[in-house]
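**Q** Have a look at this one.
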Amino acid sequence: METLTFDLDAKPLREVNQFLHGDASSLNGKEIVIENPNGAHSIAVGLKSDIHVTIKGHAGYYAAGMNQIAKVTIEGSAGSGVAENMMSGMVHVKGFASNAAGATANGGLLVIDGDAGLRTAIALKGADVVVGGSVGSFSAFMAQAGNFVILGDAGEGLGDSIYEAKIFVRGKVKSLGADCEEKTMSPEDRQILADLLAKSGYADVSPDSFKQYGSARTLYHFHVDNAGAY
Amino acid sequence: MSEQQPKIPQTKPRFSATFDESTMSEIRRAAATGIYDIRGAGAKRKVPHFDDLLFLGASVSRYPLEGYREKCATDVVLGARFAKKPIHLKTPVTIAGMSFGSLSANAKEALGRGASAAGTSTTTGDGGMTQEERGHSSILVYQYLPSRYGMNPDDLRKADAIEVVIGQGAKPGGGGMLLGQKITKRVAKMRCLPEGIDQRSSCRHPDWTGPDDLEIKIAEIREITDWEKPIYVKIGATRPYFDVALAVKAGADVVVLDGMQGGTAATQEVFIEHVGIPILAAIRPAVQALQDLGMHRKVQLIVSGGIRNGADVAKALALGADAVAIGTAALIALGDNDPHWEEEYQKLGTTAGAYDDWHEGRDPAGITTQDPELMKRLDPVKAGHRLANYLAVMTMEAQVIARACGKSHLHNLEPEDLVALTLEASAMAKVPLAGTSWIPGVTGF
Ligand SMILES: Cc1cc2nc3c(=O)[nH]c(=O)nc-3n(C[C@H](O)[C@H](O)[C@H](O)COP(=O)(O)O)c2cc1C
């Protein structure tokens, strides 16, 4: 594979992103390395071709935001909203992730090796999110679809007002949010979990060590008797 | 016992102004159901509005322009602050964001057709962009909302401008809701939700909180769209001076300011009537913020909330706005609340002109519905034509007024062309009470 290196100390981010938005036919298959990211915001956002971008260090807000098809690896930590609204492809954070990681992501796979902050996978719309460490409070708030795997612990209010997303937690859950309840894991869901663990580098972790959570579906229709839960 | 008693005059039954008929019926409804009232449309009570302002036409001291002969331009450019491809409109009257879901696909198509014929823009809404709408709108603004329902980068790139929605005049600080009846297969699929559930739209964006974050968010959207498209920020009118200043600081190309009269697809009645301020009270502080930052006319201001005719347009522009947006009026032009359907409105327990249960999806006019049979009643070509006519009339009306004030462009209208009929309007719009030089809070009597 052809490798191209950009040094953000020498080249403005605008030019790098513009290059990464170029014609897919000329970009497909390329390996791109971004050096000296130094926490810059919006690195490698809006990608839409089959490339692999490696960010050598820490990224600021919205790294790999709205990603399509591409693979982005962050060899450091990521700021708020990493892979927000991702549609497809893969984003791998080797360090920690701040708040709202994978917010509203529709597709693709987000893997965070370390811990993730508040509101991880908030309003998830179909993507898969796997966190090697723990996640902060209010994660999976209003999560609509997709799978959210947490190998560590979860903070308060997990899955508040959740719709059809599935949450798998191996550690402790501080508290569940409104309308989120523990589920019995079906063989199909166990398979989804096993596949995600394998894809994310945790093939050795047994799906049986997880508990599953999802929507109790009591808030799907507004009813006055539920007013206390709103 | 047949002796005549002296007749005591009876006091006529008197209804309370405080507990009027509508208030009492709402108390009974609340007592029976235990649920607050949800409805569409905007505030229905009377609030200070553009009707409380008048133009001073030209006379001895001012020189008018000849109607139909001397040019009075109406074009407006939006988004030249940062965007490589700013938007050029032929008329300053734009179509406000209204969601597919709340409106039928035919209604969205009609809005696109009408706006395009008039040379103006239309706007998506909660729930994403439809083909009908993109296909029939020559200039389409794509809303980026807290719910992010249907939000995807392909549509972002297909848009001509992007509107980051922070609030709406009908419900500043509130999210949205779409009741199950309107969550059809297509709507559910676009929003990644189960069919038929009551859907809530969040009131806050999921991945940013304060104004500093907003600046980073706007920069992200610019990066994704290669700095081509204008980025608007839409706010509900509450603290316009500070909100406009913060939006400008965060990098907005255009600020959209929506007053409390602004329509909504579905919100609690109490929210619609009691939160936010009238657009009349919001324009001057917004313009002041732009002027204080040296950004008036550089960052454009679009105002909305109860705009109905060319006089409203001219007044909004004279107070310093660059353009206006219409929602409710555009729906009426398409055929909403038309007496033609009176019999059916009666069956729904209402009457033409007062129908506002838009969230229930049973609109006889086929506009605020997802019912395939009702939808068919709206012919998008004919309805689009009506909207185009209406937009043309509004534009011509604004020109009539501007020429009478001696202006060769609608944007040359200024507060000095206006006076107020009431003290409230005078204080809010900061123009003198008619026949005086008094502006409460600004000048002495
Ligand atoms: C049926 C309907 C749906 C609406 N949907 C949205 C929406 O999705 N997003 C939004 O920002 N505003 C929405 N609005 C508000 C309009 O964009 C606009 O602010 C308002 O209609 C302007 O006031 P007017 O109706 O008095 O012209 C909606 C309004 C109506 C009437």
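**Q** Tell me whether region B:272-287 contains one or more residues that are within 16 Å of the ligand (Cβ to nearest atom), small (Gly, Ala, Ser), closer than 16 Å to residue B:328 by Cβ and buried (at least 17 other Cβ atoms within 10 Å of the Cβ).
**A** The answer is yes, given that some residue of region B:272-287 is within 16 Å of the ligand (Cβ to nearest atom), small (Gly, Ala, Ser), closer than 16 Å to residue B:328 by Cβ and buried (at least 17 other Cβ atoms within 10 Å of the Cβ).
**Q** Among (1) part of a loop (DSSP other than H, G, I, E, B); (2) away from the ligand (no atom under 13 Å from the Cβ); (3) basic (Lys, Arg), where does residue B:44 come up short?
**A** So the condition that residue B:44 fails would be (2).
**Q** State all residues of region B:147-170 that are more than 13 Å from the ligand (Cβ to nearest atom), in contact (Cβ under 8 Å) with a residue 40 or more places away in the chain and not hydrophobic (A, V, I, L, M, F, W, C); if no residue qualifies, say none.
**A** B:153, B:157, B:160
**Q** If residue B:303 meets every condition in (1) more than 12 Å from the ligand (Cβ to nearest atom); (2) under 14 Å from the mean Cα position of the chain (by Cα) apart from one, which number is that one?
**A** For residue B:303, the failing item is (1).
**Q** Given the criterion touching a Lys or Arg at 6+ places or on another chain (Cβ under 8 Å), of a type outside the set (A, V, I, L, M, F, W, C) and more than 10 Å from chain A (Cβ to nearest Cβ), identify the matching residue among B:172, B:211.
**A** B:211
**Q** Could I ask something else about it? Could you tell me whether any residue of region B:248-264 is under 30 Å from residue A:218 (Cβ atoms) and either out of contact with any Gly (no Cβ under 7 Å at 6 or more places or on another chain) or within 16 Å of the ligand (Cβ to nearest atom) (or both)?
**A** Yes: region B:248-264 contains one or more residues that are under 30 Å from residue A:218 (Cβ atoms) and either out of contact with any Gly (no Cβ under 7 Å at 6 or more places or on another chain) or within 16 Å of the ligand (Cβ to nearest atom) (or both).
**Q** Further question on the same structure: Name the single residue that is farthest from the ligand (Cβ to nearest atom) among those in region B:76-120 being in a helix (DSSP H, G or I) and of a type in the set (A, V, I, L, M, F, W, C).
**A** Restricting to residues being in a helix (DSSP H, G or I) and of a type in the set (A, V, I, L, M, F, W, C), the top hit is B:117.
**Q** Give, as residue ranges, the strands (runs of 3 or more DSSP E) completely inside region A:96-156 that count at least 2 residues that are among the β-branched types (Val, Ile, Thr) and out of contact with any helix residue (DSSP H, G or I) (no Cβ under 6 Å at 6 or more places or on another chain).
**A** Of the strands (runs of 3 or more DSSP E) lying wholly inside region A:96-156, those with at least 2 residues that are among the β-branched types (Val, Ile, Thr) and out of contact with any helix residue (DSSP H, G or I) (no Cβ under 6 Å at 6 or more places or on another chain) span A:109-112, A:125-131.
**Q** Could you run through region A:63-98 and say how many residues are facing chain B (nearest Cβ under 10 Å) and within 18 Å of residue A:146 (Cβ to Cβ)?
**A** Going through region A:63-98 one residue at a time, the tally reaches 10.
**Q** Go through B:317, B:331 for me and flag whichever is within 13 Å of the ligand (Cβ to nearest atom), buried (at least 24 other Cβ atoms within 10 Å of the Cβ) and part of a helix (DSSP H, G or I). Give the steps one after another, and end with the answer.
**A** Values: B:317 fails: within 13 Å of the ligand (Cβ to nearest atom).
So the residue among B:317, B:331 that is within 13 Å of the ligand (Cβ to nearest atom), buried (at least 24 other Cβ atoms within 10 Å of the Cβ) and part of a helix (DSSP H, G or I) is B:331.
**Q** Moving on. Scan B:340, B:296 and give me the residue that is assigned by TED's automatic domain parsing to the domain that holds residue B:182 and under 30 Å from residue B:106 (Cα atoms).
**A** Numbers: B:296 fails: under 30 Å from residue B:106 (Cα atoms).
Just a single option satisfies the conditions, and that option is B:340.
**Q** Consider region B:387-435. How many of its residues are part of a helix (DSSP H, G or I), of a type in the set (D, E, K, R) and touching a helix residue (DSSP H, G or I) at 6+ places or on another chain (Cβ under 9 Å)?
**A** So the count comes out to 4.
**Q** Answer yes or no as to whether residue A:190 is touching a residue at least 12 places away in the same chain (Cβ under 8 Å) and either within 14 Å of chain B (Cβ to nearest Cβ) or in a loop (DSSP other than H, G, I, E, B) (or both).
**A** The answer is no for residue A:190.
**Q** Search region A:54-93 for residues being among the charged types (D, E, K, R) and touching a Gly at 6+ places or on another chain (Cβ under 7 Å), and hand back the single one that is farthest from residue A:127 (Cα to Cα).
**A** Per the stated criteria, the residue is A:75.
**Q** Any chance region B:36-49 includes a residue that's free of Cβ contacts under 8 Å to residues at least 40 places away in the same chain and either under 30 Å from residue B:356 (Cβ atoms) or under 29 Å from the mean Cα position of the chain (by Cα) (or both)? So that I can check it myself, show each step before the final result.
**A** Going through region B:36-49, the residues free of Cβ contacts under 8 Å to residues at least 40 places away in the same chain turn out to be B:46.
Still in the list and also either under 30 Å from residue B:356 (Cβ atoms) or under 29 Å from the mean Cα position of the chain (by Cα) (or both): B:46.
Yes, region B:36-49 contains at least one residue that is free of Cβ contacts under 8 Å to residues at least 40 places away in the same chain and either under 30 Å from residue B:356 (Cβ atoms) or under 29 Å from the mean Cα position of the chain (by Cα) (or both).
The values are calculated or read from the model by the stated rules, or taken from the named source; none is laboratory data. For clarity, every value in this text was computed on a predicted model and none was experimentally measured. A quick note on method: Cβ atoms are made from the backbone with ideal geometry, for glycine too, and the neighbour counts reach across all protein chains shown.
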